[in-house]
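Enquirer: Take a look at this one; I'll ask things after.
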Amino acid sequence: MNNKLLAAAIVGVLIVASIAGVLILNMGMTKGTKDNAGDTDNRGTNQTTEGKANFVITSFNVSKHNVLTGYETTVTVGVLNNGTADGVYPLNIMIDGAVVKSYNVSLGKGDLTTVSYNVSSSTIGNHTLAVGDNSTYLNCYDQFVVSSYLKYHCTEFEPSIGTTEYNWTSTITFVNLTSYKTRSSYEGGIYADQEYLYNFTDSLESITENLTFVGMESVFTDFGMKTLAHYHYTADSGGYHFDIDTYRDEIVGVNFKTVVRSGEYVSTDELIDTNSNWVKEL
């Protein structure tokens, strides 16, 4: 049995696609008071001057503009009280005009603070993310979409054959509430198409043997330098023993690089293309 077919039966590819959320921060203002003593008018009555808090947004940053539905992005806001009294700033975070989180930020007069909040949305699409008068975009992608694909370039070395290079593509062909199916197809018909069925509850641990987390590593990919989780695991099939190293995005489970070894046999698969924009922009 061909080693590559055995390896392909072991190495699964998770395909994924979309998040959206709109954050609009409504600023409020709370007045503080301060009595000034000693001022007397002609009628002999004391006059009181009221201080006032004044809040200004000094910075507005979003950690990720492209996320999957249900996954979080971090909004960081700088707030300054440049008024003449202490106050409490009611910070409201809104998605599509609806308040999803509210916080009271207490600031003394002249004080500046930076606050960060994690937000997520289950709504797919392109949205406006705003804090006060500051705005930017936030895209939400669906993770599993029929016809989404990941294309890999494989460099395969087998002593009896030498080095072979080819591309193969894993495409989602079916999705329901509990599972999804992928089809792996090989350019030039070098191997027969293969289908894999996954449950959404599947994890890397459940489909591998002797899984070891090696660590987070910087890996150069066709989509730039990425910090990926390096896993090592083993599998035995058809009388062959396989050692496998996978470099994957830890959050969404996309494999960017996989190296399979069995004796002198070595196969390296590297992600080179996809029609899922969120994969490119992770």
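Enquirer: I'd like the full set of residues that are over 21 Å from residue 235 (Cα atoms) and surrounded by 14 or more Cβ atoms within 10 Å (Cβ to Cβ), limited to the stretch 192-219.
Expert: 219
Enquirer: Separate question: Across the stretch 220-242, what is the number of residues that are surrounded by 14 or more Cβ atoms within 10 Å (Cβ to Cβ) and part of a strand (DSSP E or B)?
Expert: 13
Enquirer: Among (1) surrounded by 15 or more Cβ atoms within 10 Å (Cβ to Cβ); (2) touching a strand residue (DSSP E or B) at 6+ places or on another chain (Cβ under 6 Å), there is one condition residue 118 misses while meeting the rest; what is its number?
Expert: (1)
Enquirer: Please specify each residue of the stretch 123-172 satisfying the condition of being under 29 Å from residue 197 (Cβ atoms), exposed (fewer than 14 other Cβ atoms within 10 Å of the Cβ) and under 24 Å from the mean Cα position of the chain (by Cα).
Expert: Correct list: 146, 147.
Enquirer: Further, regarding this structure: If you scan the stretch 227-255, which residues turn out to be of a type outside the set (Val, Ile, Thr) and touching a helix residue (DSSP H, G or I) at 6+ places or on another chain (Cβ under 9 Å)?
Expert: Those that are of a type outside the set (Val, Ile, Thr) and touching a helix residue (DSSP H, G or I) at 6+ places or on another chain (Cβ under 9 Å): 231, 233, 235, 237, 238, 240, 242, 248, 249, 253.
Enquirer: Which residue, of 81, 54, 26, is among the polar types (S, T, N, Q) and modelled with pLDDT under 90?
Expert: 26
Enquirer: With at positive phi and within 18 Å of the chain's Cα centre (by Cα) as the only criterion, which of 224, 238, 215, 188 stands out?
Expert: Answer to the selection: 224.
Enquirer: Report, by residue number, each residue of the stretch 193-242 that is of a type in the set (Gly, Ala, Ser) and without any contact (Cβ under 8 Å) to a residue 12 or more places away in the chain.
Expert: 203, 206, 218, 224, 239 - these are the residues of the stretch 193-242 that are of a type in the set (Gly, Ala, Ser) and without any contact (Cβ under 8 Å) to a residue 12 or more places away in the chain.
The values are calculated or read from the model by the stated rules, or taken from the named source; none is laboratory data. In this text the structure is predicted, and so the values were computed from the model without any measurement. So basically every Cβ, Gly included, is an ideal-geometry build from the backbone, and we count neighbours across all protein chains shown.
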